[in-house]
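I have placed the structure first, in the form of structure tokens, so that the comments after it can refer back to it.
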Number of protein chains: 2
Amino acid sequence: MATITVPHPLPSPEEDAKKLRKAFQGFGTDENAIIEVLGHRTAAQRAEIARTYARLYGETLVEGLRSELSGDFLNAVILWVMDPAERDAELANKALKNKGDWHIWDIWHIWVIIEVACASDPDHLMAVRKAYCSRFSSSLEEDVASRFAHEQPLGQLLVRLVSSYRYTGEHVNEGLAQSEAEELYDAIRIPHHERVIRILSTRNKSQLKSTFNHYKQHYGKAIDEDIESSGSSQFTSMLKVAVRCIGSPEKHFAEVVRSSVLGLGTDEDSLTRAIVSRAEIDMKQIKEEYKNRYNTTLNADVIGDTSGDYKNFLLTLVGSADP
Amino acid sequence: MATITVPHPLPSPEEDAKKLRKAFQGFGTDENAIIEVLGHRTAAQRAEIARTYARLYGETLVEGLRSELSGDFLNAVILWVMDPAERDAELANKALKNKGDWHIWDIWHIWVIIEVACASDPDHLMAVRKAYCSRFSSSLEEDVASRFAHEQPLGQLLVRLVSSYRYTGEHVNEGLAQSEAEELYDAIRIPHHERVIRILSTRNKSQLKSTFNHYKQHYGKAIDEDIESSGSSQFTSMLKVAVRCIGSPEKHFAEVVRSSVLGLGTDEDSLTRAIVSRAEIDMKQIKEEYKNRYNTTLNADVIGDTSGDYKNFLLTLVGSADP
């Protein structure tokens, strides 16, 4: 469930656009007004406001925001006003173009690829792939395949996940779930990468959730934990993320937020990505998971690790402290 | 270029629907009228006629056709009035559900999978995947992956091809084309399947055509011929089909038609598929290729191997004997 709130009655797109324009003008910027408007509108409403703003003032809303805001606050607001498919295409491209050797901490950059592929619905992924082609003159799977050409089977896993278009019905074949739970159990141990990749990248999500349930019942251990204990390669690590994003995305995103605030300094890019991407999808479940797992609230961690308008904006998106 | 012709002025969808209804009624069926109407309308026009027919007569056009026609003529007309994406989804599913061991002659059934994946534009392939999920409660790549789970690397090749969404721009990186031509040359010989699959399933078509040109220039042999001489496995055979469907689909479809009429009896399914699928795309080029390659015309072979209304219908779709 979403955590953003929309006022009733809803101001018209013209009123919102005017309020934003006013917030940009004069001496200083009225950040609170920007948060008040944009932080309380759905993706469709934000798109309508952006169209209206451009029509009224001859500059895009993003140009207006860029001229007035800066830093993490700007980055978060820009991602928030982008069309969700365009935003994911942008985030995926940024992760792929992050040059240099991959160290253990770099691996977080790959998470976004798996999130886009596994934690959203198939039509959204298709829209992301279209947006990616339009923006970057190459396909998403092409850039993933080139980037990881020499890192197999990780590259194959990622390419197959971003290329998927899963059936979205509820149809589950219990017999198949049982036999593929066994297949996964063996494949993780041997390891038979092709089998694991085939099952995770092609089966529909209801089917896979049933497979994961059979796994836990039969082997007494959740598949993601079992994968974790089976090895520490990048492949195993990403396999675990894929299983989480498919079966229980709230667990994965709670971990993204938690990792971003732990340790020295904050990983604002990851924190922003998790909150902006999920505020309209399942932030309520993420906050519940966060509370159960870390004995603190997501809101408390955001307050502790961020400040100023950036903090206010994120808190607006995640809603009240009580999940 | 297409070979079907549309009359000017064009009758309204109501007139066409009425003419079809009349053709279905009374003593005997007026097959010529059916061919006259449907054989001279574009996909969009046929869809409009079907909608109008259903609205006017309370039965679908397909139901009307099924009650009056039979055999190869019926099959061809049904495929022709289907939405092209639905048609390809149907053809792919039929090929995948063709049970039994794969013998050398069965391999033709797989061609359709590669045709759908490589010989049409990326948005069409996406539409086929959507239609496939709606009709069959599973995804195209899921059924391909399951069907070929134990036939690697063929399964991987097919899954990656049907999952592709290629960039459609004209942008070509000549340096990359040169280096990937070399990579393909080595990969075909070693063989490094993953490399071949990565290049063929992710690069855009303009890029691949340039790569194939570099290949021919540098090694003095077209890549499809080189693949053919490198082995006779199902994988090599399908790799050749993929290269053809990407680089010069008219060569592939000329071969489909020629294979379907050669030998004892005719493979009507393949003949119908090739003509119905390509009549609005590149049948003109296919006929030219046919003439150059086989020293006879496609029309002459259709006349020699088919008869009756089925023959008349196919000849209407392929147009005049002179390519």
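The values are calculated or read from the model by the stated rules, or taken from the named source; none is laboratory data. Keep in mind that what you see is a predicted model, and the values were worked out from it rather than measured. When we count neighbours, we look across all protein chains shown, and the Cβ atoms used for this are built from the backbone with ideal geometry, even at glycine. Just the protein is used for accessible areas: all its heavy atoms, side chains included, with ligands, DNA and RNA removed. Shrake-Rupley method; radii C 1.70, N 1.55, O 1.52, S 1.80 Å.
Some notes on this structure:
- For region A:300-305, 3J(HN,Hα) computed residue by residue from phi via the Karplus equation (6.51, -1.76, 1.60; θ = phi - 60°) reads 4, 5, 5, 4, x, 10 Hz, glycine and proline entered as x.
- GluC sites (Glu not before Pro) within region A:252-323: DSSP coil, no more than 14 neighbouring Cβ in 10 Å: none
- For the protein assembly as shown, the spread of Cα positions along each principal axis, largest first, Å: 82, 57, 52
- In straight-distance terms, cross-link reach from B:LYS287 covers every one of the lysines whose alpha-carbon lies under 30 Å from its own, apart from those fewer than eight places away in the same chain; here that gives B:LYS94, B:LYS205, B:LYS209, B:LYS216, B:LYS221, B:LYS240, B:LYS251, B:LYS311.
- Rounded to 10°, Cα long-axis angle of helix B:268-278 versus longest principal axis of chain B: 90
- Compactness of region B:185-259, expressed as Rg and Dmax over alpha-carbon positions, Å: 11.9, 33
- All-pairs alpha carbon distance profile, chain A, 10 Å steps from 0, percent: 5, 25, 32, 24, 10, 3, 0
- Kirkwood Rh, angstrom, region B:249-323 [1 / mean 1/r, Cα pairs]: 11.9
- Taking only the alpha carbons of region B:64-196, we obtain Rg and Dmax values of 17.6, 58 Å in that order.
- Charge dipole (debye, nearest 20) of region B:263-323; +1 at Cβ of Lys and Arg, -1 at Cβ of Asp and Glu: 160
- A point 7 Å from Cα along Cα→Cβ stands in for B:GLY169, and the other copies hold the same point at 3.9 nm, listed in rising order.
- Between the Cα long axis of helix B:43-57 and the first principal axis of chain B there is an angle of about 40°, rounded to the nearest 10.
- Among B:PHE212, B:PHE313, the order of accessible area from largest down is B:PHE212, B:PHE313, computed with a 1.4 Å probe on protein heavy atoms.
- Length released on extending from B:GLN25 to B:LYS97, taking residue separation times 0.36 nm less the Cα-Cα span: 22.3 nm
- Measuring r between the beta carbons of B:LYS209 and B:ASP121 and using R0 = 22 Å, the FRET efficiency lands at 0.95.
- Dipole size of region B:1-126 about its Cα centre, with +1 on Lys/Arg Cβ and -1 on Asp/Glu Cβ: approximately 280 debye, rounded to the nearest 20.
- Rounded to the nearest whole Hz, the Karplus-based 3J(HN,Hα) values (6.51 cos²θ - 1.76 cosθ + 1.60, θ = phi - 60°) of region B:74-82 follow the sequence 4, 4, 5, 5, 4, 4, 5, 8, 5, with x at glycine and proline.
- Once the convex hull of all Cα atoms in region A:142-290 is built, its volume per residue stands at 137 Å³.
- One Cα centroid belongs to region B:169-186, the other to region A:124-181; the line between them spans 24 Å.
- Calculated label separations, B:LYS209, copies of the chain, 7 Å along the beta-carbon direction, nm: 4.6
- Taking all Cα-Cα distances within region A:127-210, those exceeding 15 Å account for 64%.
- Surface listing: B:HIS171, B:HIS252, A:HIS40, A:HIS109 arranged by accessible area from highest to lowest gives B:HIS171, A:HIS109, A:HIS40, B:HIS252, probe 1.4 Å.
- Relative contact order for chain A, counting Cα pairs under 8 Å that sit 6 or more residues apart, in percent: 20
- Total formal charge among the other residues, if their Cβ is under 13 angstrom from that of B:SER163, Lys/Arg +1 and Asp/Glu -1: +3
- Euclidean distance of C-alpha centroids, region B:222-281 and region A:43-74, integer Å: 52
- Compared with the dominant Cα axis of chain A, that is its longest principal axis, helix A:234-247 is turned about 70°.
- Backbone N under 18 Å from the A:SER232 label point (7 Å along Cα→Cβ), restricted to region A:108-124: A:108
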